[in-house]
Amino acid sequence: MATATAPRAGSPKGPAPQRKPKRTFRPRTLVITVVAWALAAIFLAPYLEMVITALRPKDELRDRTYLPQNLEWSNFIEVWKESELGQNLQVTLLVAGGATLLVLLVSLPAAYYTARMRYRGRKAFLLLVLITQMFQPTALLVGLYREFHQLDMLNSVWTLIITNAAFNLAFAVWILTAYISSIPPELEEAAMVDGTSRFGAMVKVTLPLALPGVVTAVIFTFITSWNEFVMGLTLTTEPDKQPLTVGINNFIGAYTVEWNYLFAASVVAIVPVIVLFAFIERHVVSGLTAGSVK
């Protein structure tokens with residue numbers, strides 16, 4: 001009969017601790033990391049050059065050294081005082097915000113009805129929405145100018161809001177239709193069984209679930225309206241009524257270019273967009289894949 005052997009003195013009790021697996025750094029991971037950092041440096045280099053040039057004194061603009069010897073922070077103050085940059089920024093905020101709000105008010109009901117109702121001509125409507133994306137503002141520039149001139153609406157913020165909303169409406173309807181279509185309609189039907197109206201089901205059930213798609217439409221409309229140049233240059237002639245993109249262009253003269261002021265104004269122009277995108281970037285990524293998996 002076998003007898004159990006007593007554990008040796010000093011032997012550890014319980015199972016031996018497991019060793020953590022060593023992390024192996026694969027060559028493929030190294031290559032991907034190096035390429036990713038290289039691409040990031042390529043995309044960030046123009047913005048870094050913009051900031052550096054904005055801080056250069058006037059007497060160092062033609063120097064070959066990459067970094068200036070002195071940083072001229074007063075360039076930002078002077079460009080704000082000596083130009084209509086403050087008014088241009090205010091106009092751009094009103095135009096981008098107003099166009100985004102108008103696009104949402106029109107695209108949400110249109111996208112919801114298109115996604116939920118199977119009416120005659122639905123495919124033709126979606127095709128028409130897609131075709132309107134092919135029209136560039138420059139192709140309609142002369143007709144729009146004549147129309148707003150006859151309506152005495154030149155140099156008006158409302159004119160820029162309407163035109164920017166019109167050119168961004170098709171994209172918003174398209175992406176919101178795809179996103180709402182991916183939400184099961186049974187959720188709304190269950191809410192309506194409990195006594196909620198269709199409008200209440202849309203507001204309380206569908207819109208919260210469609211928030212990533214809504215945010216995607218918002219940020220694309222806002223950024224597109226913020227960066228719009230051609231319509232702002234054509235439909236506004238008074239310096240204090242022009243958007244920021246046109247105001248920045250005024251620093252380019254016929255014979256000279258004030259590079260330090262030009263880049264200082266450009267830095268002011270991109271900061272709000274960067275801040276906005278940083279806050280809602282995660283919603284944009286999920287919104288871009290709307291409707292891909294149902």
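Label-to-label distance, Met192 versus Leu211, with points set 7 angstrom from Cα along the beta-carbon direction: 2.5 nm.
Would you work out the charge dipole size for region 144-224 about its Cα centre, treating the Cβ of every Lys and Arg as +1 and the Cβ of every Asp and Glu as -1, and quote it to the nearest 20 debye? Intermediate values should be presented prior to the final figure.
Numbers: 3 positive and 6 negative charges, 39 e Å.
Computed charge dipole of region 144-224: roughly 180 debye.
Rounded to two decimals, the Cα-based Rg/Rh of region 46-87, with Kirkwood Rh, is 1.02.
Nonpolar atom fraction for region 79-124, defined as the carbon and sulfur part of the 1.4 Å probe accessible area, stands at 62 percent.
The portion of the accessible surface of region 172-225 made up by carbon and sulfur, rounded to a whole percent, is 71 (1.4 Å probe; DNA, RNA and ligands excluded). Near Val157, once Lys and Arg are set to +1 and Asp and Glu to -1 for all other residues with Cβ below 14 Å from its Cβ, the sum equals -2.
A Förster distance of 35 Å, applied to the separation of the beta-carbon atoms of Leu30 and Ile52, puts the FRET efficiency at 0.70.
Computed as a quarter of the hull surface, the mean projected area of the alpha carbon convex hull for region 37-106 stands at 7.7 nm². The modelled label-to-label distance between Arg120 and Glu78, using points 7 Å beyond Cα along the C-beta direction, is 6.9 nm.
Highest mean first, the peptides 33-42, 75-84 sorted by other C-beta atoms within 10 Å per residue fall in the order 75-84, 33-42.
Computed over region 176-254, the percent of Cα pairs more than 16 Å apart is 65.
The values are calculated or read from the model by the stated rules, or taken from the named source; none is laboratory data. The structure presented is a predicted model; accordingly, all values stated were derived computationally and were not measured. Using ideal geometry, Cβ is built from the backbone for each residue, glycine included, and neighbour counts are taken over all protein chains shown. Side chains included, ligands, DNA and RNA excluded: accessible areas come from the protein's heavy atoms. Shrake-Rupley method; radii C 1.70, N 1.55, O 1.52, S 1.80 Å.
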